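K.L.:
Quick one: the structure is below, questions incoming.
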Amino acid sequence: MAQIIDGKAVAQAVKENVARKVEQLQERGIRPCLAVIIIGDDPASRTYVNNKKKACEATGILSKEISLDKETTTEQLLNVINELNDDMSVHGILCQLPLPKQIDENKIIAAISPEKDVDAFHALNVGRLFQGVQNLQPCTPSGVIVLLDYYGLPIEGKNCVIIGRSNIVGKPMAMLLLQRNGTVTVAHSKTADLKAITGMADILISAVGKPGFVTADMVKEGAIVIDVGINRDEQGKLCGDVCFDEVEKKASFITPVPGGVGPMTVAMLMENTVRAARLQYQ
Ligand code: NAD
């Protein structure tokens, strides 16, 4: 039976550490501030933004919500971002995705000042990640690394298989594992014989977005299984990509959904906001 990786507990530890750093910054007269832009009334986005605001409160970070109409244009959003870029009291800027169809997402990502880009989606931050330069790192993949470290699970020399190649999860996850000397394979929707590949994984990370996608026959005995997926099952219940009940019997460590990677993403956002504040005052 696998040991459960308690993402909630690790996220709490990360947030307590962030709170200490916020106190130190405040002693120097700096109050880290995160601006979150939300466009429209998507309920999932609203939940994510509320969670982020709660985490700000818990860590002492000031949060500023900018709520815009669902008809907002790219130009209007660019104006808001430019104002936040110029505002010295704002250290982190996050634009909650997905954006409405009329908005050019690439333009928006490119407009956020790289020093304030706490999601680390800007091309400059992606490039720095690629080069292995210490910088703002994307929240979900860096949260996975913190989880592995927290449980003392080595990455070096391990076969790491990621299912999913998105810019937000799969690709940056590959870079971070590579930096830690993992042997990395990125599988995706066009991968042939997925089972043969996942069956070699010492560390298997699923970021597909399909409930029940990872079954026990895809997992090596004793593997570490990290479930990034956030989905709803047929009953509308929150679930990951992994068939938890059957995979738990085969894995050595496993993250649950909820309570695994999700809370880490928010905790790492707090960590990035403090890092951004420090970078701006250095
Ligand atoms: P995405 O839709 O951009 O990417 C999904 C990936 O899955 C693609 O790269 C695709 O190639 C791959 N895929 C699809 N079908 C496949 C198949 N049959 N075989 C192999 N690969 C297949 O999604 P994303 O933004 O990377 O998110 C993935 C999941 O992670 C979603 O459930 C999302 O909600 C969740 N997510 C969670 C967090 C978190 O904080 N825990 C953060 C971001 C995303």
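The values are calculated or read from the model by the stated rules, or taken from the named source; none is laboratory data. Keep in mind the model is a prediction, meaning the values are calculated, not measured. Every residue, glycine as well, gets a Cβ built from its backbone with ideal geometry; the counts of neighbours run over all protein chains shown.
K.L.:
In region 237-254, which residues are touching a helix residue (DSSP H, G or I) at 6+ places or on another chain (Cβ under 6 Å) and either within 16 Å of the ligand (Cβ to nearest atom) or within 21 Å of Pro154 (Cα to Cα) (or both)?
P.N.:
Val247, Lys250
K.L.:
When you scan region 71-98, how many residues do you find that are among the hydrophobic types (A, V, I, L, M, F, W, C), surrounded by fewer than 21 Cβ atoms within 10 Å (Cβ to Cβ) and part of a loop (DSSP other than H, G, I, E, B)?
P.N.:
So the count comes out to 2.
K.L.:
What number of residues within region 260-279 satisfy the criterion of being of a type in the set (Val, Ile, Thr) and within 10 Å of the ligand (Cβ to nearest atom)?
P.N.:
Number satisfying all stated conditions: 3.
K.L.:
Residue check, Gln134 against (1) closer than 21 Å to Leu279 by Cα; (2) within 15 Å of the ligand (Cβ to nearest atom); (3) not small (Gly, Ala, Ser), all met but one. Which one?
P.N.:
All conditions pass for Gln134, except number (2).
K.L.:
For region 120-135, does any single residue satisfy the condition of being among the small types (Gly, Ala, Ser) and in contact (Cβ under 8 Å) with a residue 60 or more places away in the chain?
P.N.:
yes
K.L.:
Mind telling me which of the residues Ala55, Ala44 ends up being surrounded by fewer than 19 Cβ atoms within 10 Å (Cβ to Cβ) and assigned to a helix (DSSP H, G or I)?
P.N.:
Of the residues listed, the single one that is surrounded by fewer than 19 Cβ atoms within 10 Å (Cβ to Cβ) and assigned to a helix (DSSP H, G or I) is Ala44.
K.L.:
Let me ask you something else. Could you give me the residue pairs with C-beta distances under 6 Å whose first residue belongs to region 176-198 and is within 18 Å of Pro138 (Cα to Cα), whose second residue is of a type in the set (Lys, Arg) and within 11 Å of the ligand (Cβ to nearest atom) wherever it lies, and which are 6+ apart or on separate chains?
P.N.:
Note: pairs meeting the criteria are Val186/Arg165.
K.L.:
Something else about it: Has region 230-250 got any residue that is among the aromatic types (Phe, Trp, Tyr), at pLDDT 95 or above and assigned to a loop (DSSP other than H, G, I, E, B)?
P.N.:
no
K.L.:
Considering only region 199-217, how many residues are of a type in the set (Ser, Thr, Tyr) and closer than 22 Å to Gly152 by Cα?
P.N.:
Matching residues across region 199-217 total 1.
K.L.:
Looking at the structure I just gave you, is Lys210 within 21 Å of Ile224 (Cα to Cα), in contact with a Gly (Cβ under 8 Å, 6 or more places away or on another chain) and of a type in the set (Lys, Arg)?
P.N.:
Yes.
K.L.:
Residues of region 232-251 being under 21 Å from Leu194 (Cα atoms) and either in contact (Cβ under 8 Å) with a residue 24 or more places away in the chain or touching a Gly at 6+ places or on another chain (Cβ under 9 Å) (or both), which ones?
P.N.:
Residues satisfying the conditions are Gly240, Asp241, Val242, Cys243, Glu246, Val247, Glu248, Lys249, Lys250, Ala251.
K.L.:
Something else now. Please specify each residue of region 1-56 satisfying the condition of being in contact (Cβ under 8 Å) with a residue 60 or more places away in the chain, under 21 Å from the mean Cα position of the chain (by Cα) and within 30 Å of Lys220 (Cβ to Cβ).
P.N.:
Of everything in region 1-56, those that are in contact (Cβ under 8 Å) with a residue 60 or more places away in the chain, under 21 Å from the mean Cα position of the chain (by Cα) and within 30 Å of Lys220 (Cβ to Cβ) turn out to be Ile4, Ile5, Asp6, Gly7, Lys8, Val10, Ala11, Ala13, Val14.
K.L.:
While we're here: Take region 160-203 and flag every residue that is away from the ligand (no atom under 14 Å from the Cβ) and among the β-branched types (Val, Ile, Thr).
P.N.:
Thr183, Val184, Ile203
K.L.:
If I ask for residues that are outside any helix (DSSP H, G or I) and surrounded by 21 or more Cβ atoms within 10 Å (Cβ to Cβ), which ones from region 185-207 would you list?
P.N.:
Correct list: Ala187, Ala201, Ile203, Leu204, Ile205, Ser206, Ala207.
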